[in-house]
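The values are calculated or read from the model by the stated rules, or taken from the named source; none is laboratory data. The model shown is predicted, which means the values in this text are computed figures rather than measured ones. Cβ coordinates were reconstructed from backbone atoms using ideal geometry, including for glycine residues, and neighbour counts include every protein chain displayed. Only protein heavy atoms, including side chains, enter the accessible area calculation; ligands, DNA and RNA are left aside. Shrake-Rupley method; radii C 1.70, N 1.55, O 1.52, S 1.80 Å.
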Amino acid sequence: MKSKIPLTEQEQFKEIENTRAQIEELGGIKKCYFLTNIPYKAKVGPVISEGLFLPVNNPRIFDLRMSKLREYPDISPKFISKDKTAICVYISPNKGYNKDETLNEIRSIISKTKYAQKHIIGKTITEDKLQETLKIEAARLSILAVLLMLVVFFLFHPSFKSLLFFGWTVTLSISSFFLFLWLFEITLNSLNSTVPLLITVLSLSDAIHILNRAKQTQGDLNERSKSVFRKIGLPLALTSITTASGFAIFIFTGYHLIIEFALLAVTGIFLSYLIARYFTPHLLFLVDPHLDKGGNRMDKIILKINAFAQRRAGFIIITSILILFVGSFMATNKLQINHFIYGQLKKESEQGKSIAFYEKYFGGIRKISLFISAEKDLLNPESIQTLETIERYLLKVYGASSITSINTAIKRHNRFKHSGNPDYYRIPKNLKQRDLNKVRQLKSELGLGGSISEDGKSARIIASSEDQGSSITAIKNKKLIAFLEMNLPKGYTYYIGGPTTLQDKALTNITRYILYGILGAILLVALFLGLLFKSYYFGLVGVLANSLPLVGVLILYVLFQIDLNPMNVMLLSIVLGVAIDDTIYILSNVLVSQKEKPDKPISFHLNNSLITTGKPIITTSFLLIVGFLALSFSSFESNYQNGIFFMLAIAFALFSDLLLVPAILSSKYKSKVL
């Protein structure tokens, strides 16, 4: 809670104590802690004095402690800010408590206080709230995305039958994937939860290509079905094979979460292909034939774009290559893998404000655990001085706001022996072994039960600091390691761990492996295209056309100072899937056209291909853009950013397919036949 004025008066703390006591009386609460009810012991002569740290009913002790509040670094910073305007009350709930009911009761109590800001934070509460919000938004934003896509689809295909065909195909593809998950009891996690989105995107593309081809085909249902899939069967199979192969290469990263993602993606693509190839033929009765000779407005626009691409092929290719080189250089030198513990939150959201409040006034949420081990018992004067040297480094150089260790217990014991005088919260100059033995006996009472192992050969130092991100933390940890290497005596070992550190390493590795997988996928698809079309040039088309949208997104990341993390890198894999699909549809139709009329020049085949595939590609692109526009309404910063950048990525992919691919092919073959 935050006050407009400093909290220094006894009456103010009486109000806080009253609030604390009300919370503690709630049925779901085990204990509630603040400065006013923390026990404080001191040895005064032969007598052990027991009382409260900040007793609101004892003016003399209250005033004495308040005047020296900053001299209790192991106590006061956790409960009251340096400027004395913000306080933190710690609540310990009972096991099995009714969370929602208890939180509502706490909110009711603190709503009656006069503080300017009131926040309820905690790891469990924050993460539960995140999951709850995510579920609500997943439903709300999905409905919004579907409605937007249906509206745009209807603008391109103003027919309710076509709308029904499109909806059935996409719904069946994604439903079959979820049925597969249910049958094999597979649970989605934060990483592979993007697979349903990938399947939706790819099935959407296939459905529109089939629909477009069916509209250009006449005859009875059986004849139309055979004619449609005789022409679209090859590109449909090729897009599925190449996209699945691209994701399959993720298996070789060796990281189990990414392997699971890759296997699910390949399975989903396979199921989507089966639906498109063997189920949609039975739905073609919903599609009314509508022969079009290329005279409609969109076909004219596509032909003009194709003519421009062929006419300015050199400029387009050189510009694209420059973008690739400059973008790759920028990404390599400027981008970094980085994440914040609650980086997905928008700063203006309720949870975001609460986290920022705690970060600002109470030392930060990022913790590291530094384990120091030796072959001998560390509870000796020399080892304690070594630990003290490390702690000074953590506070003064590393940037820790607070430290908890066995030395904390030693300092507390020293203060306890000297009548509780805060001046004695330090390591005694003449530290005796008997004092350390006493601390060993009292470590639980001193609040540091887990600070040293039972055999005394391993000690743990917990350092709390502001969350500056995993990248800066990694740099600080490297400097810490260098310091430890230089200052630890021979025979000592160290290990930097803790949940946050392990999470940093895992997410960094996941991000790096996904990037490796994307690079491998691009190369594999290029090799596949080169072998399939028996031309290295087609492989080159695959590399350039599929790389350009990804590099375009990376440039935007650099310009807007967006760090890489698993979620936005996974976005690149979805963009890659879209780019591969569109490129193969264009190249496959060029090949089909060439086989039908081998004496015609490349310009003829490109026109035929783009007349067939251009409208579906543009339609798909606009559907994806408006679909992901829904994410811009998300309360999660990560979803909001991914939605915006995905829309821009699709625009890059559209540029690549309609301009770069024709430019590369026309520059190679010009007026020659393939």
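Below is a table of values for the structure above.
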quantity: Filtered residues of region 182-212 (kept if farther than 16 Å from Ser240 by Cβ and in contact (Cβ under 8 Å) with a residue 60 or more places away in the chain); calculated: Ile186, Asn189, Ser190, Leu191, Asn192, Thr194, Pro196, Leu197, Leu211, Asn212
quantity: Residue within region 371-390 that is among the aromatic types (Phe, Trp, Tyr) and part of a helix (DSSP H, G or I) present; calculated: no
quantity: Top-ranked residue in region 622-640 [being surrounded by 21 or more Cβ atoms within 10 Å (Cβ to Cβ) and of a type in the set (S, T, N, Q); ranked as nearest to the chain's Cα centre (by Cα)]; calculated: Asn639
quantity: Condition met for Ile618 (open to solvent by 10 Å² or more (accessible area, probe 1.4 Å), within 16 Å of Val553 (Cβ to Cβ) and touching a Leu at 6+ places or on another chain (Cβ under 9 Å)); calculated: no
quantity: Failed criterion for Gln336 (all others in (1) surrounded by fewer than 19 Cβ atoms within 10 Å (Cβ to Cβ); (2) at positive phi hold); calculated: (2)
quantity: Thr8 outside any strand (DSSP E or B), β-branched (Val, Ile, Thr) and more than 39 Å from the chain's Cα centre (by Cα); calculated: yes
quantity: Ser573 vs. criteria surrounded by 22 or more Cβ atoms within 10 Å (Cβ to Cβ) and of a type in the set (Ser, Thr, Tyr); calculated: yes
quantity: Leading residue by the ranking (least open to solvent (accessible area, probe 1.4 Å)) among those in region 458-484 that are farther than 21 Å from His413 by Cβ and among the basic types (Lys, Arg); calculated: Lys476
quantity: Matching residues, region 1-50, being in contact (Cβ under 8 Å) with a residue 40 or more places away in the chain, farther than 22 Å from Asn94 by Cβ and among the polar types (S, T, N, Q); calculated: Ser3, Thr8, Gln10, Ser49
quantity: Scope region 311-321; condition open to solvent by 50 Å² or more (accessible area, probe 1.4 Å), touching a residue at least 24 places away in the same chain (Cβ under 8 Å) and more than 15 Å from Phe652 (Cα to Cα); matching residues; calculated: Arg312
quantity: Unmet requirement for Asp467, which otherwise passes all of (1) among the acidic types (Asp, Glu); (2) touching a helix residue (DSSP H, G or I) at 6+ places or on another chain (Cβ under 9 Å); (3) farther than 30 Å from Leu564 by Cβ; calculated: (3)
quantity: Residue satisfying all of: in region 152-170; open to solvent by 90 Å² or more (accessible area, probe 1.4 Å) and in a helix (DSSP H, G or I); farthest from His282 (Cα to Cα) among these; calculated: Leu155
quantity: Some residue of region 651-666 being modelled with pLDDT under 85, assigned to a helix (DSSP H, G or I) and crowded, with 24+ Cβ neighbours inside 10 Å; calculated: no
quantity: Hits in region 51-109 - residues which are among the hydrophobic types (A, V, I, L, M, F, W, C) and more than 21 Å from Pro422 (Cβ to Cβ); calculated: Ala86, Val89, Ile91, Leu103, Ile106, Ile109
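For every residue, the table says whether it meets (1) part of a helix (DSSP H, G or I); (2) without any contact (Cβ under 8 Å) to a residue 24 or more places away in the chain.
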residue	(1), (2)
Tyr393	yes, no
Val397	yes, no
Asp423	yes, no
Asn437	yes, no
Gly456	no, no
Met486	yes, yes
Tyr495	no, no
Thr500	yes, no
Thr508	yes, no
